[in-house]
Amino acid sequence: APAGADYDVLVIGSGPGGYVCAIRAAQLGFRVACVEKRETLGGTCLNIGCIPSKALLQSSEEYHAAGHDFARHGIVIEKMSLDLARMQANKDEVVSANTKGVEFLFKKNNITWLKGFGKVTAPHTVEVDGKPVTAMHIVIAAGSDSAPLPGIETDEKRIVTSTGALALDEVPKSMLVVGAGVIGLELGSVWSRLGAKVTVVEFLDRIVPGVDSEIATAFQRVLTKQGLKFKLGHKVTKAQTKGKGVAVTIEKVAGDKAKGGEPETLEFDVVLVAIGRTAASKGMGLEEVGVALDPRGRVIVDEHFATNVPGLYAIGDVITGPMLAHKAEEEGVALAELLASQAGHVNYGAIPGIIYTWPEVATVGRTEDELKAEGVDYSVGKFPFTANGRARAMGCTEGFVKILADRKTDRLLGAHILGPDAGALIAELVTALEFGASAEDVARVCHAHPTLSEAVKEAALAVEGRAIHI
Ligand code: FAD
Ligand code: NAI
């Protein structure tokens, strides 16, 4: 490392990976700077991802509840209307409070924010808008961008990525979502609740690939009941703005025997392209200094987040693994601790994934599909929310808790929940998995009554056929 480097740790990117790494490194006594090209800190997550999407999910959920569920409680609203501008302004306020929060944390921890575009020009040197800065350790936390759909251009007004879909100033009458993944279903739900007719086109023959298929099937049923239409096994081959809307050509994906069926052309006010995200590793000098990338453009790192170039590390969406904020954060902490010669570590087997629709989907560990494919001998415990008193009082009895345990040892292998507040409920099972608990351990813990968490206890009891309330 160069003697007298400007900083000990220089992080490129201030998303959940980068800013958390910077804070942990500062806590450990390093002199830290973070390069960010955006006007505000917090990366994709705080500016155009997790936070604004959750603000709109919350608002649209309240709107939908006021229009559809309040009456059941005897609350009568004579005249209700939507002020979308206020809803969007609230979202902006939430985002701004969060990004300013990171700015405050940087000041508190003496982290220098180098505003500008960072380009790696030599192993220990980054040029920020052309000005060289040196550091012992450089951390690439550049995140990811929406994957483009070949041949279809986004204008962020009518043909949009998630970024445009978070900022619409009018509720579209109709919306086509391309991709039945997390973004498509969350943002599709937002606009559907606000009044749009939403159709989802998915390449595969199922929604949310990777999620336990029993949960996914039940989830699709719930979303269909809420008004979302699904075209599985279909692809979009053309989308062109036409008048005020978009003309879209949709075709069946060709199967083994059948050729793709007759293409149909439909019109929508807005098309949301949500077919995944790609690592943002290009254009920042990585290839020039010899950093190895995989075929999907992700930075290749070893188990200590080191690239093949000494002094250069990478974390978060720009490397392999689930593209999740909390995964990036764990990696940021682990890397900072490793740089301080501590034992930083991430357990990739216990990273929860949550889809913030209503009801929510929450998963951790192995799916039943994976256990079957691997020939693992497992037991299943399930408990439906219809049998949970609190869920009944809430008027949300859709879904169930599913716990998978090793048949011989009873050790927890995975947990999957479709239901109200599933995202909060899964935390207990993440902890249990992390501690190597058995289903019996979870079943023996006292759970307060009446809470949704009793469904978790009951599912754990059900692993041995001992659930009380079913
Ligand atoms: P990012 O957050 O992408 O941050 C990277 C930052 O680096 C950016 O600000 C970028 O401007 C900056 N940068 C890149 N290159 C340079 C350069 N050369 N110079 C200077 N700056 C640079 N995850 C969840 O866990 N929960 C959710 O609910 C959730 N919701 C999401 C909703 C949407 C609509 C989207 C798009 C994503 C969502 N995600 C969610 C995913 C989550 O946002 C990402 O996993 C997370 O932001 C990754 O963090 P990161 O630090 O790796 O990168
Ligand atoms: P995704 O990977 O979740 O889903 C993409 C979907 O599009 C898949 O079902 C895929 O089969 C389908 N697809 C791919 N190409 C297609 C095509 N040509 N035509 C039709 N369908 C096609 O990706 P998504 O939803 O864009 O989200 C990106 C990332 O952001 C995810 O990896 C996710 O982890 C993260 N994210 C997380 C959230 C959360 O944690 N709640 C919320 C939003 C995003």
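Rule-based calculations on the coordinates, nothing more; no lab input. Please read these numbers as outputs of a predicted model, since none were measured by experiment. Because the Cβ atoms are built from the backbone with ideal geometry, glycine has one as well, and the counts that use them run over all protein chains shown.
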Give the residues of segment 264-299 that are surrounded by 14 or more Cβ atoms within 10 Å (Cβ to Cβ) and β-branched (Val, Ile, Thr), sorted by residue number. 270, 271, 273, 275, 278, 289, 291, 299
Matching option when the condition is under 20 Å from the mean Cα position of the chain (by Cα) and over 19 Å from residue 61 (Cβ atoms), among 233, 164: 164
Select from segment 52-65 the residues that are within 11 Å of ligand 2 (Cβ to nearest atom) and aliphatic (A, V, I, L, M) and list them in ascending order. 57
Among the residues of segment 100-146, count how many are outside any helix (DSSP H, G or I) and within 11 Å of ligand 1 (Cβ to nearest atom). 20
Can you find, within segment 293-305, the residue that is nearest to residue 346 (Cα to Cα) among those that are of a type outside the set (Val, Ile, Thr) and out of contact with any helix residue (DSSP H, G or I) (no Cβ under 9 Å at 6 or more places or on another chain)? 303
Can you pull out the residues in segment 165-206 that are of a type in the set (A, V, I, L, M, F, W, C), part of a loop (DSSP other than H, G, I, E, B) and within 13 Å of ligand 1 (Cβ to nearest atom)? 166, 167
Could you list, ordered by first residue, the pairs with Cβ atoms under 7 Å in which the first is in segment 144-166 and closer than 22 Å to residue 283 by Cα and the second is among the small types (Gly, Ala, Ser) and assigned to a loop (DSSP other than H, G, I, E, B), at least 6 apart or interchain? 144/280; 145/280; 147/276
Every residue in segment 279-323 that is of a type in the set (Ser, Thr, Tyr) and either assigned to a loop (DSSP other than H, G, I, E, B) or within 11 Å of ligand 1 (Cβ to nearest atom) (or both), please. 281, 307, 320
Condition (residue is touching a Leu at 6+ places or on another chain (Cβ under 6 Å), over 20 Å from residue 358 (Cα atoms) and of a type in the set (A, V, I, L, M, F, W, C)) applied to segment 87-107: is it met by at least one residue? yes
Can you work out which of the residues in segment 68-99 that are part of a helix (DSSP H, G or I) and more than 28 Å from the chain's Cα centre (by Cα) is surrounded by the most Cβ atoms within 10 Å (Cβ to Cβ)? 70
